[in-house]
1. Looking at the stretch A:35-51 only, could you name the residues that are surrounded by 14 or more Cβ atoms within 10 Å (Cβ to Cβ), out of contact with any Lys or Arg (no Cβ under 8 Å at 6 or more places or on another chain) and of a type outside the set (D, E, K, R)?
2. Taking the residues in the stretch B:121-135 that are buried (at least 18 other Cβ atoms within 10 Å of the Cβ) and within 10 Å of chain A (Cβ to nearest Cβ) as candidates, determine which candidate is nearest to residue B:60 (Cα to Cα).
3. Residue by residue through the stretch B:110-119, note down the ones that are more than 10 Å from chain A (Cβ to nearest Cβ) and either under 21 Å from residue B:66 (Cα atoms) or surrounded by fewer than 20 Cβ atoms within 10 Å (Cβ to Cβ) (or both).
4. From (1) within 21 Å of residue B:170 (Cβ to Cβ); (2) at pLDDT 90 or above; (3) surrounded by fewer than 19 Cβ atoms within 10 Å (Cβ to Cβ), pick out the condition that doesn't hold for residue B:100.
5. Residues to consider are B:65, B:78; find the one that is surrounded by fewer than 17 Cβ atoms within 10 Å (Cβ to Cβ) and closer than 28 Å to residue B:203 by Cβ.
6. Take residue B:219 and tell me if it is surrounded by 21 or more Cβ atoms within 10 Å (Cβ to Cβ) and either within 14 Å of another protein chain (Cβ to nearest Cβ) or over 16 Å from residue A:130 (Cβ atoms) (or both).
7. Just for helices (runs of 4 or more DSSP H) wholly inside the stretch A:149-257: which have at least 2 residues that are of a type in the set (Gly, Ala, Ser) and touching a strand residue (DSSP E or B) at 6+ places or on another chain (Cβ under 7 Å)?
8. For residue B:103, all conditions in the list (1) more than 10 Å from every other protein chain (Cβ to nearest Cβ); (2) small (Gly, Ala, Ser); (3) in contact with a Gly (Cβ under 6 Å, 6 or more places away or on another chain) hold save one; what is the number of the exception?
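The values are calculated or read from the model by the stated rules, or taken from the named source; none is laboratory data. None of these values were measured; they are calculated from a predicted model. Here the Cβ is made from the backbone with ideal geometry for all residues, glycine too, and neighbour counts use every protein chain on show.
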Amino acid sequence: MAQEGTLSIKGIFEEAGNQVLFMFRFFRNIFRFNFEWNELIRQCYMIGYKSFPLVAITGFIVGFVMTLQAEPTMKEFGAESYIPRMVAVSLIREICPVIIALICAGKMASGIGAELGSMKVTEQVEAMEVSGANPIQYLVVTRILACIFMVPLLTILAEGLGMAGSYSAVNISGHVSPTLFFNKAFSSVAFGDLLPSFIKTVFFGYAIGFVGCYKGYNSDRGTESVGVAANSAVVNASLWIIVIDGIAVQITNALGY
Amino acid sequence: MSQEKITDEKVSESGPVIEIRSLAKSFGSNEVLKNINLDLNKEENLVVLGKSGTGKSVTIKCIVGLLTQDKGTVKVFGEEVAVLSEDDLKALRVRIGFLFQSGALYDSMTVRENLEFPLRRVLMLKDKAEIDTRVTEILEGAGLPEAIDKTPSELSGGMRKRIGLARTMILKPEIMLYDEPTTGLDPITSKEISELIQSMKKNYHVSSIIITHDIACAKIVADRVLVMAKGEIVAEGSYDELEHSKDEFVNSFFK
């Protein structure tokens, strides 16, 4: 029993060490000669643009449902006019960044994990390595950077569509002019709401890309390991998103935002 | 370290291009290689025969630094692979071609992009006309000019191996390592691949190690044959010598 405990602690340290080494390889290869711009753009398209419909629908429905759920209670307190403000602040500060990051973890991290895992299984990564090319630069750096760029952009998009969803929900029971609704919504949103939220999503993007690449690149042989890599990429990325969110809230509170 | 330096200072014209001494490699408690000693001479086709799991692929992965040995030395062009820096290893790998069992084509790219990949990323070529010329030439050499815009999923097993070989040869390596090049192919395609390997030697003067358990392939390409069993080399000689060996195990390969 004691030995099992020792082995698992050793395994945890080994895994942590491997992740740190992988992270160093990523940062070192960002600044290497002959950066893969074309592949970065392709990955931004594959990872970001192709997630657009999913993120757009999610953002719209989150705003829509949140408004419908809040409306009766707000009416009870005679505070209907606060709905746009409440929805705007909630979506921008917390709900959209976390929900969109979790959705991206499901779509991007699993996709990256499965893609790199299958490349590993079919010896494509080794083929790249023995040809003298740099697989970390070509496969890993481009995917992590694409996630870092695209997750914040998708979150901003979801926030905008979330507000549109909220406006649609408000108009189910009566007419509210768009000017009034959006003026009220954005009058309560300050720079201190936008910046921490944006910075948080950059870290979410990094976590999604890094975990996906790490799990895929280090997957074992055999087709089963592709599924394992994709699955553990989603689980680990989701966990990291929650942890980063917890830390970010503490930091923003401490800084008074 | 430049390629010229390695060639001029370390390798004589007649010396072996690969020297392996007392190579041993284990995975956990599984001792895959015990004591491998092997030389590959210039412009020689060396066939390594052996049953699956005897460490043939592990040996050639140690040669290109994909795996690091536990004991022994692997020298390529006189340089010990295990102690090379990352940049020196990369420079060395450009001079070594490696054909994987599956062909290992990048399946998100077309055949053209697969062939352009090493030219753009390893040789850093930018001139589109030069890249196009080299891609067309090598595809014609592989006998598949019509496959240029196809994706790997549209190719048969034999075509994948041919394209994989073309992608490797486009960098004009001096050494080729073939990992079971005819496995999973029908006898006719196997023969075509074996003849292609032979033509690579004649046309490009490469030295090759061919890992296989296909006797028909060995007969066509071999200048010399090694037989491996349980992580050791148990027999060495020409194809004809080993074909008439009195050793029961060696003989069983040729039946």
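1. Selection gives A:35, A:40, A:44, A:46, A:48.
2. Applying the filter and picking the extreme gives B:122.
3. B:110, B:112, B:113
4. (3)
5. So the residue among B:65, B:78 that is surrounded by fewer than 17 Cβ atoms within 10 Å (Cβ to Cβ) and closer than 28 Å to residue B:203 by Cβ is B:78.
6. Taking the combined requirement at face value, the residue does not satisfy it.
7. The helices (runs of 4 or more DSSP H) meeting that bar number zero.
8. Going through the list (1) more than 10 Å from every other protein chain (Cβ to nearest Cβ); (2) small (Gly, Ala, Ser); (3) in contact with a Gly (Cβ under 6 Å, 6 or more places away or on another chain), residue B:103 breaks only (1).
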